[in-house]
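Visitor: Take a look at the following structure, please.
Just so it is clear, none of the values below were taken in a lab; they were calculated from the coordinates. Please read all numbers here as calculations on a predicted model, not as lab measurements. Note that we place each Cβ from the backbone using ideal geometry, even for glycine, and neighbour counts take in every protein chain shown.
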Amino acid sequence: MILIKLGGSVITDKAAYRTFRKETVARLAEEIKRSGEEVLIVHGAGSFGHVVSKEYGIQKGYSRPEQIPAAARVICDCCELSSMVVEELLAAGIPAATVPIAAAFVADNGKLIADNDEPIRRLADLGIIPVMYGDVITDRSMGFSIVSGDQIMEMLCRMYSPSRVVFVSDIDGLYTADPKTDPSAELIREVTKDTLARIRTSSSVDDVTGGVEAKMEAMLRMTSEDRDCVLINGNVPGRLYSLLKGHDVICTSAKGGIQ
Ligand code: IP8
């Protein structure tokens, strides 16, 4: 089984509040279906989650009453985004269902507590792909917090031991600097725990979806001796399909674990 995260940067326009990239998601769904691979799918929140969350400091937990309608707004927006993603998966012939994490789990201090995975396992066992996404969740210490799609990926990785983990983003992989603003930026083809140590010493590292170091660490945590974790560009037609079919594509591949 291959675990895939459709990043918020590829399924939405991150700069414009609540802008869904329908054609891109439809194409990615078709590529997944055509690959014939067994998959589990997570997605990011993009402009359906980050804009309002940032404005009201939702990620910092409850501190003032004005955050309550804002948190409810984010929950509604992310759920709507997920319904649109699932519509495209269904249209491509992939039986999928939105599973809001706040209905299945709680968090503590921003960390997802995955102590009851029965609803997800049962859905997947039936052949319906549970689609979870970065969202606002109730939090035992903070009132509420935000659990990212990356945290959900880590949970699913522990639950299902996928053969491969794929992050679909809007750039070719991780770079030594921001490729959109720095022409000297170089694509990092392979990340190991040693590369991570070297990258840490560089001050010109770009932020991919919330910090390049955090992303690399999360990717490395999801690797094992026989499982790599790949970051690819979903805006290039056919690239996800080729990767799923085991072809060599432009990407960053994390390997070898973090221990
Ligand atoms: O897009 C963030 O999830 P991500 C979720 O996977 C919210 O980082 C609500 C901002």
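Visitor: Let me see the pair-distance distribution of the chain: every alpha carbon pair, 5 Å bin width, integer percents in order.
Guide: 1, 6, 13, 18, 19, 18, 14, 7, 2, 0, 0
Visitor: With a ≥ b ≥ c taken as the square roots of the eigenvalues of the C-alpha gyration tensor of the range 1-47, please select rounded if a/c is under 1.5 and otherwise prolate if a/b is larger than b/c or oblate if it is not?
Guide: Oblate, because a/c is 1.5 or more while a/b does not exceed b/c.
Visitor: Distance from the Cα centre of the range 102-161 to that of the range 221-257, in angstrom?
Guide: 23
Visitor: Mind jotting down the three principal axis lengths of the range 1-153 based on Cα atoms? Whole angstrom, largest first.
Guide: Here the Cα extents, ordered largest to smallest, are 48, 36, 18 Å.
Visitor: Calculated FRET efficiency, Asn116 and Asp248, Cβ-Cβ r, R0 35 Å, to nearest 0.05?
Guide: Given R0 = 35 Å and the Cβ-Cβ separation, E is 0.30.
Visitor: Using the Kirkwood radius built from alpha carbon pairs, what does the Stokes-Einstein equation give as D for the range 109-259 at 25 °C and 0.890 mPa s, in µm² per second?
Guide: Rounded, D is 147 µm²/s.
Visitor: Under 26 Å from the Cα of Lys60, which lysines turn up, not counting those fewer than eight places away in the same chain?
Guide: Partners found: Lys5, Lys14, Lys111, Lys215.
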